[in-house]
Amino acid sequence: MAYQSLGEFIKAADAIGEVRHVEGADLELDVGCLTELTAERNGPMLVFDKFAGYPASYRVCANANRTLRRFALALELPIDAHPVELLRLWREKRTSAVPVPTSIVRDGPVLERVQQGNDVNIESFPAPRWHTGDGGRYIGTQDMVILRDPDQGWVNMGCYRAMIQGRDRISLWINPMKHGRIIAQRYWSQGKAAPVAVVLGCEPVTWMTASMSPPFGTSEYDLAGAYRGRPVEVVQLPESGLPVPAEAEIVIEGVIPPDSEETANEGPFGEWPGYYTHQGPEAVVRIQRIYHRQNPILAGAPPLRPIGWSNYTNYVHIWEHLERSGITDIAGVWGFYNGLLTVVALRQRYAGHAKQALITAAGFRHGDMKTYYVTVDDDIDPSNLEEVQWAMCTRVDPATAVDIIRDAWTADLDPRLSPAKRQAGDLTVGRMLINACKPFSWRDQFPKTNVFSAEERAVVEKKWRDLLEKVTTKPKQY
C-alpha cells in the first residue's frame with residue numbers, strides 16, 4: 001500500500017532501522033553538518049525536533065530517501081535487492097505503469113492550520129542553513145513547485161531550490177529550460193503574475209516524480225499515481241485552485257510576479273557537485289497564505305557533495321535511452337558521484353558495440369555535467385566502483401580506448417567553467433569516453449581472470465554465511 005504522508009514513510013523506515021531522531025540540534029550548523037556526515041556514511045534518515053525558538057514537534061526530516069534501501073522502500077520494491085536488479089525492477093514498474101489522475105478531496109491535514117494576511121510568516125518554520133557558506137536559509141530543498149499552464153490547463157510539478165527572503169517572500173531558482181519557468185513566462189507575457197503553490201514536504205514517491213521531467217504537457221501527478229498504484233489525493237487551494245497533496249506538511253500559496261517587476265538576490269547555495277556557483281537576481285514568490293499540519297515536518301534534501309549517493313532514476317533514464325537507440329545486450333547501467341561517472345555494462349556482440357554505447361550514453365539529453373562515460377563487459381558489476389576501476393586499469397589501452405568529445409553542453413553549476421566562458425554564456429566542456437571492455441577482435445584470447453565464478457562464490461557464501469557476516473566490509477558506495 002502506497003504511503004499517504006511523509007510521516008507514514010518515516011514510521012516505515014524507522015521500523016527497519018533507517019531513522020535516527022535528534023533533539024536540540026542547532027539550525028545554523030548542526031542540522032546541515034549532521035546531514036552531510038550521515039549521508040557520507042550511507043547512514044539513516046535524520047528527523048530533527050525541539051529547535052530553540054520553535055514549537056516542539058515542528059520537525060525537519062533530512063535524507064528521507066537518499067539511500068538505496070529507503071529508495072526501494074518508498075517504491076515498495078525489495079529493500080535489499082542488488083543495485084542493478086533494483087533498477088531493473090524500477091524500470092519494469094515504470095514501463096507497466098498507467099497514468100492515474102488525482103482524486104480531489106474536500107479536506108486534508110494540510111489545511112489544519114492557515115496563515116494569511118499579516119499573520120503570514122514563512123520564518124515561523126525551522127529552516128536550516130544547510131551549508132556554512134549559503135547566502136540564507138533554504139526552506140525548499142525537497143519541495144514541489146506547482147503551476148498550471150494558462151493555455152492548456154495541465155498542472156506541472158517541479159523541484160527548484162527556495163530561499164527565504166522575508167516573512168512573506170521566498171525566491172526560486174528555475175533554469176530557463178525547466179517547465180516551471182516556461183509556464184511562468186506564459187503568464188508574464190500576458191502581463192500577469194503566475195499563481196503558484198510550493199509544497200514543503202509530502203510522501204516520497206510524489207516528490208521523486210516531480211523531479212523526473214516527463215514530456216511537456218504531462219502532469220507529474222498522474223505519473224505519481226501510476227507509480228504509487230493509487231491516485232494522489234489533493235485539495236484545491238482557495239486562492240488559486242491549484243491542487244496540492246491533502247496529506248502534505250506545509251504549503252505556500254502565492255504568485256510569481258514577472259522578473260521585470262520584482263526579483264531578489266538568490267544564493268549562493270552549496271549545490272550537488274560540491275561547490276558554490278550560481279548567484280544572482282531570481283524570481284520571487286509573494287506569499288498570500290501558508291497552510292500546514294498542526295505538527296509539520298519540513299522535508300529536506302540539501303544538495304551534498306555526491307559521495308556515496310546518486311539520483312538512481314537518472315540511470316534508468318540512460319538505460320531506457322540506450323535500448324530505444326538500438327543498443328542491445330545491456331547488462332546494467334550505474335553511476336557514481338551522481339552520474340559524473342556513468343558506467344554501462346554490456347555483452348559485446350560486434351565490433352564497435354561498446355563505442356556505440358558510449359557515444360549514445362554521452363548524447364542523452366539529461367547528460368548535463370555527466371562527464372566520464374565507461375563501458376565494461378558483463379563480468380563487471382557496474383555498481384561496484386572497485387570492479388569498474390580494476391577493469392579500467394587492466395583492460396584500457398589509453399592510446400586506443402579513450403576518446404574526447406569537445407564542446408559538449410554542461411550546466412551553470414559546473415565548477416570547471418572559467419569566468420570568461422561563464423560570462424560569455426559558453427556552457428560547454430569536454431567529455432571522456434572510456435572503453436574498458438576486452439578488445440572485441442581478440443576478446444576470446446584475453447587472459448582469463450583468477451576470480452571465482454559467481455556460482456562458486458554463491459555456494460561458499462551460503463555455506464559460510466555466519467563467518468562472512470562477521471567480516472567487516474567497506475560501506476557500499478552507491
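Quick notes on this structure:
Each row is one residue, and each column tells you yes or no for (1) of a type outside the set (G, A, S); (2) at pLDDT below 95; (3) outside any strand (DSSP E or B).
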position: R20; (1), (2), (3): yes, no, no
position: V31; (1), (2), (3): yes, no, yes
position: A39; (1), (2), (3): no, yes, yes
position: N42; (1), (2), (3): yes, yes, yes
position: F48; (1), (2), (3): yes, no, no
position: A52; (1), (2), (3): no, no, yes
position: P55; (1), (2), (3): yes, no, yes
position: V60; (1), (2), (3): yes, no, no
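- Residues (touching a helix residue (DSSP H, G or I) at 6+ places or on another chain (Cβ under 8 Å) and not aliphatic (A, V, I, L, M)) located in the range 380-411: D381, P382, S383, D403
- Matching residues in the range 421-443 - criterion: being surrounded by fewer than 12 Cβ atoms within 10 Å (Cβ to Cβ) and at pLDDT below 95: Q423, A424, G425
- Flag: I380 matches the condition of being part of a loop (DSSP other than H, G, I, E, B) and either of a type in the set (V, I, T) or crowded, with 18+ Cβ neighbours inside 10 Å (or both).
- When every residue of the range 409-426 is checked against the conditions, none turns out to be more than 23 Å from the chain's Cα centre (by Cα), within 30 Å of K448 (Cβ to Cβ) and of a type outside the set (S, T, Y).
- Residue selection: S310 fails the criterion of being touching a helix residue (DSSP H, G or I) at 6+ places or on another chain (Cβ under 7 Å), within 30 Å of N175 (Cβ to Cβ), assigned to a loop (DSSP other than H, G, I, E, B) and among the hydroxyl-bearing types (S, T, Y).
- Complete set of residues in the range 246-269 that are at pLDDT 95 or above, over 16 Å from Y160 (Cα atoms), open to solvent by 10 Å² or more (accessible area, probe 1.4 Å) and in contact with an Asp or Glu (Cβ under 9 Å, 6 or more places away or on another chain): E247
- In the range 401-409, the condition of being of a type in the set (G, A, S), touching a Cys at 6+ places or on another chain (Cβ under 9 Å), under 29 Å from R349 (Cα atoms) and assigned to a helix (DSSP H, G or I) is met by no residue.
- Residue in the range 358-377 that is modelled with the lowest pLDDT, counting only those that are open to solvent by less than 50 Å² (accessible area, probe 1.4 Å) and within 10 Å of L433 (Cα to Cα): T371
- In the range 78-92, the residue that is least open to solvent (accessible area, probe 1.4 Å) out of those that are of a type in the set (A, V, I, L, M) and in a loop (DSSP other than H, G, I, E, B) is A81.
- On the stretch given as the range 93-119, residues that are in a helix (DSSP H, G or I) and either closer than 20 Å to V316 by Cβ or among the hydroxyl-bearing types (S, T, Y) (or both) total 4.
- Test: residue in the range 57-77 that is open to solvent by 60 Å² or more (accessible area, probe 1.4 Å), free of Cβ contacts under 8 Å to residues at least 60 places away in the same chain and farther than 23 Å from I307 by Cβ: no
- If only residues of the range 131-180 that are in contact (Cβ under 8 Å) with a residue 40 or more places away in the chain, aromatic (F, W, Y) and open to solvent by 10 Å² or more (accessible area, probe 1.4 Å) are counted, the one that is nearest to V284 (Cα to Cα) is W173.
- Qualifying residues in the range 181-200 (those that are part of a loop (DSSP other than H, G, I, E, B) and open to solvent by less than 50 Å² (accessible area, probe 1.4 Å)) - the one farthest from P109 (Cα to Cα): A193
- A Cβ distance below 9 Å, combined with a sequence gap of six or more or placement on separate chains, defines the contacts here; from the range 265-291, residues that are free of Cβ contacts under 8 Å to residues at least 24 places away in the same chain and farther than 18 Å from M369 by Cβ reach residues that are of a type in the set (A, V, I, L, M, F, W, C) and part of a strand (DSSP E or B) in the pairs P281/A264.
- When V451, V459 are checked against the criterion of being farther than 22 Å from A357 by Cα, open to solvent by 60 Å² or more (accessible area, probe 1.4 Å) and over 36 Å from the mean Cα position of the chain (by Cα), a single residue qualifies: V459.
- Criterion (assigned to a loop (DSSP other than H, G, I, E, B) and out of contact with any Pro (no Cβ under 9 Å at 6 or more places or on another chain)) met by exactly one of G274, G326: G326
- Looking across the range 108-130, the residues that are in contact with a helix residue (DSSP H, G or I) (Cβ under 8 Å, 6 or more places away or on another chain) and within 13 Å of M163 (Cα to Cα) come down to P128, R129, W130.
- Reported count of residues in the range 390-405, each being among the small types (G, A, S) and open to solvent by less than 70 Å² (accessible area, probe 1.4 Å), is 2.
Conditions tested, residue by residue: (1) free of Cβ contacts under 8 Å to residues at least 60 places away in the same chain; (2) under 30 Å from Q348 (Cα atoms); (3) not aliphatic (A, V, I, L, M).
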residue: D414; (1), (2), (3): no, no, yes
residue: A420; (1), (2), (3): yes, no, no
residue: A424; (1), (2), (3): yes, no, no
residue: V429; (1), (2), (3): yes, yes, no
residue: Q445; (1), (2), (3): yes, yes, yes
residue: R457; (1), (2), (3): yes, yes, yes
residue: D466; (1), (2), (3): yes, no, yes
residue: E469; (1), (2), (3): yes, no, yes
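- Flag for A127 being open to solvent by less than 30 Å² (accessible area, probe 1.4 Å) and assigned to a loop (DSSP other than H, G, I, E, B): yes
The values are calculated or read from the model by the stated rules, or taken from the named source; none is laboratory data. Small disclaimer: the values here were computed from a predicted structure and weren't measured. When we count neighbours, we look across all protein chains shown, and the Cβ atoms used for this are built from the backbone with ideal geometry, even at glycine. In case anyone asks, the SASA skips ligands and DNA or RNA and just uses the protein heavy atoms, side chains included. Shrake-Rupley method; radii C 1.70, N 1.55, O 1.52, S 1.80 Å.
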